[in-house]
Structure formats: structure tokens, C-alpha cells
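To keep things clear, I will list the structure first and then write my remarks on it.
Each value in this text was obtained by applying a stated rule to the coordinates, not by laboratory testing. Model, not experiment: these values are computed from the prediction. With ideal geometry, Cβ positions are generated from the backbone for all residues, glycine too; neighbour counts draw on all protein chains shown.
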Amino acid sequence: MNVSLNNLESSLPKAKSRANNFGLLRLFFASLVIVSHSPELVDGDRSREILTRLFGTLSFGEIAVDGFFLISGFLIVKSFVESRSLTSYFLKRLFRIVPGYLVCFWACVLILAPLVGAKRELFTAGPIARLVGKTVFLLQPYVDGAFHGLHYELLDGPMWTIAYEFRCYIAAALLGLIGLYNPRFRLLILFLTLGFIVLNASDYFSGVSLRGDRVLGTLERNVRFLSIFLVGAIYFIFRDRIRFTNLGALIAVTSLIPMFFFHLTAEAAFAVFGGYLIFWFAFKVPVLRLGLIGQDNDISYGVYLYAWPIQSSIVWCNPSINPWVLCLLSMVGAAIFGYASWMIVERPALGWLRTRLVPLPAGQKA
């Protein structure tokens with residue numbers, strides 16, 4: 001389909017400036033994943049997780065991942081609308097997540113796995129070829145024997161969400177190509193989003209297994225993440241109609257808390273009301289210095305990728321470690337690795353794309 005993205009961009013109200021707290025929010029959510037996983041990695045008991053103990057529904061880890069997808073829905077649809085071509089859009093998305101993912105994936109397989117129990121004979125042509133196949137679909141690494149004896153024998157647990165993220169990028173492009181971001185049709189995408197929220201809340205696809213699940217993800221999780229992603233997209237598409245105010249934030253909080261006690265409403269409430277709080281904080285709270293640092297040196301992705309291997313390695317060495325000590329040590333280690341990932345892998349990859357492959361207008365970032 002021949003679609004002019006430039007014409008689509010001109011038909012939508014202009015987005016606000018980059019002076020926002022998105023960098024800080026992403027770093028906060030990456031850190032929240034570490035907080036959530038720390039007690040469970042020590043003893044395998046999720047009930048010790050703070051938010052789960054309080055409400056009995058969502059964990060801080062699930063909240064953090066949903067927060068990432070809400071922000072992503074907003075920013076990725078913005079990226080699609082502002083991209084000069086479909087090729088440019090996908091190249092920006094690929095270069096943002098794939099280099100960091102690949103380096104972390106193979107670092108876990110080739111460096112970490114042999115140190116935490118994987119046998120050397122597993123690194124032969126056949127197993128390596130299967131691991132290469134996993135990277136094609138952005139799946140998480142697995143090497144038999146690694147972290148054997150821990151409650152979760154995974155090299156990088158949270159990495160499974162990366163594939164779902166990229167599928168949302170594809171969905172965002174498809175929705176844009178059929179014109180649903182056009183102001184004349186945006187009510188259609190609103191109803192589509194409501195439909196996905198209802199399907200996710202009802203667990204309609206829970207337990208449904210289809211051929212290709214291992215590669216394409218489960219239907220249940222695809223619906224879950226697309227529903228959250230689309231809510232973020234709605235906040236972008238209707239940004240000329242939505243007003244972020246302190247009163248609105250207070251109403252969102254008071255509406256969100258009681259809904260957190262029920263499985264049926266918890267995630268849907270976080271998507272809608274939590275989404276309002278996220279974008280209110282991003283745009284209306286005075287931009288914090290740490291947030292500005294996060295825009296120029298976005299270590300959040302690296303923190304997210306490397307936190308689990310660091311946490312599991314610490315538990316592997318000291319199974320009885322206090323969860324709060326584990327959390328603190330992991331945050332420091334993940335911040336160091338996240339910064340290294342940004343400086344050595346992610347930023348150079350984006351810079352190469354920006355200056356050599358797809359030159360962008362001055363001031364526009366991939």
C-alpha cells in the first residue's frame with residue numbers, strides 16, 4: 001500500500017517537545033523489575049514480592065513491563081508518524097533494540113553460561129545453530145545446565161518480552177498503513193483498543209495453544225501486550241484532546257488503587273489510569289535533572305537486559321543472600337552494565353544509522 005507518512009504527520013497535531021521525564025520513567029521501571037525479582041530469585045516465592053503481597057494481583061515486575069509498553073505505544077506511534085518512510089521506521093526500531101539484545105544474548109551464552117554450570121559440549125555446531133535461530137526471532141537464550149539448582153534456570157528471564165515488543169512495532173506499522181492514525185478514523189482505533197483491553201481482562205485466550213507459539217509467542221501474551229501498547233498509542237493519537245492536570249492525576253490514583261485488588265480490573269486499570277499518571281509525570285511534572293541525563297544517556301534498556309544475569313549470578317554464588325542486599329548490588333551492577341551497553345553498543349549503532357545509513361533532519365533522533 002502506498003502511504004505518505006509525511007502527509008499523515010501533517011494531519012495530526014504536533015507532539016510536544018522532548019523536554020519530558022520519559023528517560024527517568026524508563027530507568028525507574030527498569031529498576032522496579034530488579035526490586036520485583038530479588039526476593040523471588042532467592043527462594044522462588046513470588047508471594048514475598050511487595051506489590052503482590054499488598055494487592056494479590058500484579059507484581060512490580062508486571063507493572064514495570066506494562067509501563068514500558070505504555071511508553072512504547074506512545075513513542076513508537078509517534079516515530080511511525082514522523083518517519084519519512086516505512087523503511088526508515090523499521091530501521092530505527094531495529095537499530096534501537098537489536099544491537100543491545102544481540103550483545104547481551106551472546107554474552108550470556110558464551111561468557112556467563114560456562115561460568116554457571118553449562119557443559120562445554122553444549123557449545124557445538126548444533127546447539128549454537130539453534131541459538132542463532134532464537135536470535136532471529138528475538139527470543140531469550142537458554143543453555144542446559146546454566147544456573148542449575150536455582151529456582152529459575154534462565155540466563156536472562158526478562159528478555160522474553162523483547163520479541164513481544166517488536167511484534168507491537170509491526171502492529172503499529174500495520175495500523176498506520178491502513179490509516180487508523182488519521183484523525184478521521186481514530187475512533188476506530190479507540191474501539192479496537194477497548195476490545196483488546198476486554199479480551200485481556202477476561203483471560204479469554206488463557207491456555208489457548210497454537211502452532212508456532214514458541215516462535216511467535218502465545219496468543220494470550222500477544223493480546224496482553226498489544227492491549228497495553230495500544231493504550232499508549234491512544235494517548236498519542238488523542239494528545240490534542242487529553243489534558244494532563246494535577247486534579248486528573250489525583251482522580252487517576254484514587255480510581256486505580258481499589259481496582260488493583262481485583263484480577264479482572266487490575267491490569268486494565270493500570271493501562272488506563274496508570275497510563276494517565278505516566279504521561280502526566282512525563283509532560284507536566286517539571287523535568288528532573290536525572291530525566292534529562294536519561295534522555296542523552298539512556299541506560300534503561302541495558303539495565304533491563306543485564307539485571308537478571310547479574311542477580312542470578314549473585315544468587316548462584318550466595319544462595320542465602322538477603323533479598324534487599326541482592327537488590328542493591330544488582331542495581332549497581334546493572335547500572336554499570338547498562339551504561340557500558342549504551343556507550344559501547346547502543347549509542348554507536350544509533351549514531352551509525354543516523355549519519356550513514358538513514359540521515360535524519362537536524363535534531364531528530366532515531
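Annotations
- Using C-alpha pairs below 8 Å separated by at least 6 residues, the relative contact order for the stretch 5-357 is 30 percent.
- Cα gyration tensor shape of the stretch 182-300, rounded if a/c is under 1.5, else prolate or oblate by comparing a/b with b/c: prolate
- Candidates 34, 189, 71: whichever shows maximal mean-square fluctuation once the chain is modelled as a Gaussian network with Cα springs under 10 Å: 189
- Gain on full extension, evaluated as 0.36 nm per residue between residue 160 and residue 43 minus their Cα-Cα distance, stands at 40.0 nm.
- Per-q log10 I(q)/I(0), the chain, q = 0.12 Å⁻¹ (Debye; single scatterer per alpha-carbon; no solvent): -0.96
- Within the shell defined by Cβ-Cβ distances under 11 Å, the residues around residue 206 carry a net charge of 0, with Lys and Arg each +1 and Asp and Glu each -1.
- Helix 186-202 axis, angle to the chain major axis (alpha carbon atoms, nearest 10°): 30 degrees
- Fully extending the segment from residue 251 to residue 19 would add 81.0 nm, taking 0.36 nm per residue of separation and subtracting the current Cα-Cα distance.
- For the chain, built as a Gaussian network whose Cα springs stay under 10 Å, the top-fluctuating residue of 149, 117, 338: 149
- Those residues of the stretch 99-120 whose amide nitrogen sits under 20 Å from the label point placed on residue 339, 7 Å along Cα→Cβ: 100, 104
- Sites residue 328 and residue 190 - FRET efficiency at Förster radius 35 Å, r taken between beta-carbons, to 0.05: 0.25
- Taking label points 7 Å from Cα along the Cα-to-Cβ direction, residue 130 and residue 241 give a separation of 5.0 nm.
- Theoretical FRET efficiency, 1/(1+(r/R0)^6), r = Cβ-Cβ of residue 203 and residue 355, R0 35 Å, to 0.05: 0.15
- Label point distance in nm, residue 50-residue 178, each placed 7 Å from Cα along Cα→Cβ: 4.2 nm
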